[in-house]
Structures are given as structure tokens and as C-alpha cells.
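Quick notes on the structure that follows.
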2 protein chains.
Amino acid sequence: MKEGPDIAFLGSLIGDPARANMLTALLSGKALTASELAAEAGITPQTASTHLSKMEAGGLLQQRRQGRHRYFALADDDVGSLLETMMGLAAKKGHLRTRTGPKDPALRYARVCYNHLAGDLGVRMMDSLLAKGFLTPENEGLGLTDDGRAFAEGFSIDLEPLEKSRRPMCKSCLDWSNRRSHLAGSLGSALLTRFYDLGWARRIEGSRIVAFSPRGEKAFLDAFAL
Amino acid sequence: MKEGPDIAFLGSLIGDPARANMLTALLSGKALTASELAAEAGITPQTASTHLSKMEAGGLLQQRRQGRHRYFALADDDVGSLLETMMGLAAKKGHLRTRTGPKDPALRYARVCYNHLAGDLGVRMMDSLLAKGFLTPENEGLGLTDDGRAFAEGFSIDLEPLEKSRRPMCKSCLDWSNRRSHLAGSLGSALLTRFYDLGWARRIEGSRIVAFSPRGEKAFLDAFAL
DNA sequence: TTCATAGTTCGATGCTAGCCGAAGCATATA
DNA sequence: TATATGCTTCGGCTAGCATCGAACTATGAA
């Protein structure tokens, strides 16, 4: 009758404020130690430890031991994408933890979503790739067209390893600030890395903001015109 | 302390087993009454009531009063897609066990809803009346057009007493097997009575089934063509 | 009118789970 | 070795909340 309330378990896992804070912190894509996450959530290490083992057992996190540290990260892209979806719905319904802060506009403009680009620029990139026919909607997902392959390789992205991986190359991820989709998957991740390498953008320490340089921003807007 | 949407609140809302059961039931797309949802979750109506008001306040549900029933449905598509995302992430072995509408095909086809016609034929009648311009959506309700008045009177329905009554003449009523609207109100009631009088249909004792005779069914389908 | 049904509100109860202090491991450095 | 740090386990405390019985409201049926 009441066989394993799956989503209830998942919901309760995310439903605790301390755990939600940790997950949000991990959404930046960086792996963090247990102590850092405890500080992030504002709780003692003991409490954080139980939370972390619960989330790991629940499949939300993966952990890597390194010396006497334990680094935690989101288990996979799907977890990150679920968190973004929830943020989108929460924002839409007006459930905000605090009023919008000064960092808010920068966050809305460009930020990391786990390991790919989100925000206004992320959505623009997705729109541009679709408009130019580089990406195309496929059954239940996104596909890369031949033109798209050429474009990616022109960006010095080696597609071969991406295709051999079991990880989906193109996925759409709902943007919580724009209510539109942006590009996730290994290609989305590779593109963001490329932006860093090109010097177009860099991460702001301690936040999810991706800061584009003036030249980088111009290059980006040219590359992903609408 | 932290900026951004409150996913913990959303998570805790979904994180309770009883609430998750109700939400999963509603994921079928059909609107269900509070009692049905209580049975679905295996809890008493009192408990269900508090859960439902919480979920409504949290923006997950919308409710529609229908006589002494309250039909609950997911607030919008975003809620549904979030639930599906969560089900996808959770081990997907849990099968949906929604106790949906009537299993009896005859009940789905034509039955009484209090005093008016529901089921496939009820929905068809509503669709036809709207398509022909006999009924028109008004603010928060339904209105009878001049053409509609003529049609009703051609059906030997005396509109005068209906208009003098405080009871609304035209109301839309959510069909529990079709999840579409059919016609309620005093006009809906009068029409069903007229079908009985014409010998088109009769009630099956001890059930809510409305049995149309072969001739009656043909006449009905002609009268309410699409 | 009176009765029946759908649903809500109130109050009390009991269980769960988050929380922290203290102690125990584990891994580093000296 | 000794000592410090990162993290976990244990025990007990407490707050929150899901739950239900009982009473109440609202609507429909007879």
C-alpha cells in the first residue's frame, strides 16, 4: 500500500534548512569539506556529519577522502538540476529566504549552475545555439547537429571524449532566475571551462557569480548572437 | 544570512509521506476531493485538511469549491514537472497507485453529479453548448446567451422560475472522470430532468449511473453535436 | 424543517529528528 | 612518541509537527 514514498524521502532530505544550505553551497560546483559545510549551514560539525551521511546514503552527495579531510560534492548533474528546478519554483512562488541583496543582479546575469553557465548569459547561449540550428530538440532531450559539431570544434572543444562518456552531452536545465532553459551536460560544462581558459570570465571566490571581463563579454555576445 | 529561494520549505512540503502520496495522486492530472486524497494517503480527513491547506498556502495546490466538495489539483505545470523530476531521480520502482475515477465504464460514460449530468456525455453537452455559443464564459461563471435561451425553451424548459431563484442557473462543474467541466446549476438540473421526461434516459437504482436508451442516446448526440 | 455528508478547526498526544556536549577514531605534524 | 586537527559516534535534551477525537460549519437531500 505505502510502498517506499520515494519523493517524500527525497523531499525530506532537501527539506531541512541545514541540509538545504549545504546543498546550495555545493551547487557552486566546488567540493567542500565537512567543516566548511558545517560553517556554511551554521551548525556544529557533529550535526553536519550526520546530515552529510544521510545525504550521501540518499544518493545526493558523493564524498572523497583526502588525508584527514573529506570533500563532499553533489553526486551528479541530475541532483544539481533538481536543485535549480526547486529554486525556480520557490522563487516563482515567492518563497525567499531573504530579500534580494546587492549581489543579486550579478547572480542573475551570469553564475555557475553546478558546472555549467546559468543566468542571463546562460539562457542567451542556449537560445543562440538553438536559433542557429547547432542544437536541436530530440526525443526527451537535446541533440547536437553537424553544424553544432563544427561550431564546438571551432571552439577548440574535443568532442570525442564527451561522446564516449555515458554522461549526456547536451541537457537542458531550468534557470531559476529566468524561468528559461540553459545548457547543461558535458558540453555545457566544457564550454564554461573554455570561457575560463580563454580569459573571458573567472569565478568570484565564495559565490556562484561568474564575472566576465569587458572583452570577454563582448566576445561572448558575438559568439552567441541572437 | 543566505540569499536565494527557500528550497528547504519546498522540500519539507513534499517531504512528508502523506503529502507526497497526495501529490503523486494528483500527478495523474485529475482533480481529487479532500476525502479522496485522505483515503489515498491513508490518513483521516482532519489530518488531510491541514496538509492540503499547507500545500495550498505553499503554492503547490489550487483548490476549487464545488458544492460541498473541494477539488484539489496541482497549482500549475511547474509543480508537476518538479514532481516528475523528483520521481525520476528517486529510484523509480514505486508505481503510481492513484485510485482514479470510476472504474465502471458505464459510470464514466454517463452518471449523475448531484442533480445534473456528468461523465463523457455531460462533458460533451458542455462542449457543444459552448461551441454553439449558447453558453458563454462570464466573470467567474457562465452566462446564457440569447441563442442559448431560445435553445433551452425549444427544449421545453421554462427559464423564468430558474432566473428568479437565488441558485445560479449556469455553473461549471469539474468532472471527476474526465477532468473537464460539465454543466451544473439549475439549468443543468433542468436539462437532466428533461432527458428523463423525454424517455431518453433513466436512473439505475442504487448507483449513480444514467442509462440512455439507444434512441435516447442518438437523440442526445444529435442535440448536442460538436 | 430535519438529516446526511464534506470539510475544517481545536486541543491534546506522542513520536521523530535536529541539535549539541563529550568522548572516541583517524590522520597529520613535530 | 606527543600533540593538534578533522571528523564521527554516543547520549540526552527539546522543539516541532503529524496525527486523531471531538466539535463545528457548510452544503445538499428528503
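Taking A:Q63 as the residue in question, decide whether it is in contact with a Phe, Trp or Tyr (Cβ under 8 Å, 6 or more places away or on another chain) and within 13 Å of DNA strand D (Cβ to nearest atom).
When the stated conditions are applied, A:Q63 passes them.
Scanning region A:112-144 for residues that are open to solvent by less than 30 Å² (accessible area, probe 1.4 Å) and among the β-branched types (V, I, T) returns A:V112, A:V123. Here the condition is being in contact with a Cys (Cβ under 8 Å, 6 or more places away or on another chain) and not assigned by TED's automatic domain parsing to the domain that holds A:L37; of A:S156, A:S181, it holds for A:S181 alone.
In the set (1) without any contact (Cβ under 8 Å) to a residue 12 or more places away in the chain; (2) away from DNA strand C (no atom under 16 Å from the Cβ), A:L32 fails one condition alone, (1). Among the conditions (1) at pLDDT 85 or above; (2) assigned to a loop (DSSP other than H, G, I, E, B), the only one that B:W176 does not satisfy is (1). Applying the set (1) surrounded by fewer than 21 Cβ atoms within 10 Å (Cβ to Cβ); (2) over 22 Å from the mean Cα position of the chain (by Cα) to A:G29 leaves exactly one unmet item: (2).
Scanning region A:68-83 turns up at least one residue that is more than 12 Å from chain B (Cβ to nearest Cβ), within 11 Å of DNA strand D (Cβ to nearest atom) and among the hydroxyl-bearing types (S, T, Y). Pairing residues of region A:70-84 that are within 17 Å of A:R166 (Cα to Cα) with residues that are surrounded by fewer than 23 Cβ atoms within 10 Å (Cβ to Cβ), at Cβ distances under 6 Å and at least 6 apart in sequence or on separate chains, gives A:A75/A:G59; A:A75/A:Q62; A:D78/B:L89. Scanning region A:56-67 for residues that are more than 14 Å from every other protein chain (Cβ to nearest Cβ) and more than 10 Å from DNA strand C (Cβ to nearest atom) returns A:E56, A:Q62, A:Q63, A:R64. In the set A:S49, A:S81, A:S53, only one residue is at pLDDT 90 or above, open to solvent by less than 70 Å² (accessible area, probe 1.4 Å) and either within 23 Å of A:G185 (Cβ to Cβ) or near DNA strand C (Cβ under 9 Å from one of its atoms) (or both); that residue is A:S49. Residue selection: A:L192 fails the criterion of being in a strand (DSSP E or B) and at pLDDT 85 or above. When A:K92 is tested against (1) over 17 Å from B:A8 (Cα atoms); (2) open to solvent by 20 Å² or more (accessible area, probe 1.4 Å); (3) away from DNA strand D (no atom under 16 Å from the Cβ), exactly one condition is not met: (1).
The values are calculated or read from the model by the stated rules, or taken from the named source; none is laboratory data. In this text the structure is predicted, and so the values were computed from the model without any measurement. As a convention, Cβ positions derive from the backbone with ideal geometry for all residues, glycine included, and neighbour counts pool all protein chains shown. Remember, those area values only see protein heavy atoms, side chains included, never the ligands or the DNA or RNA. Shrake-Rupley method; radii C 1.70, N 1.55, O 1.52, S 1.80 Å.
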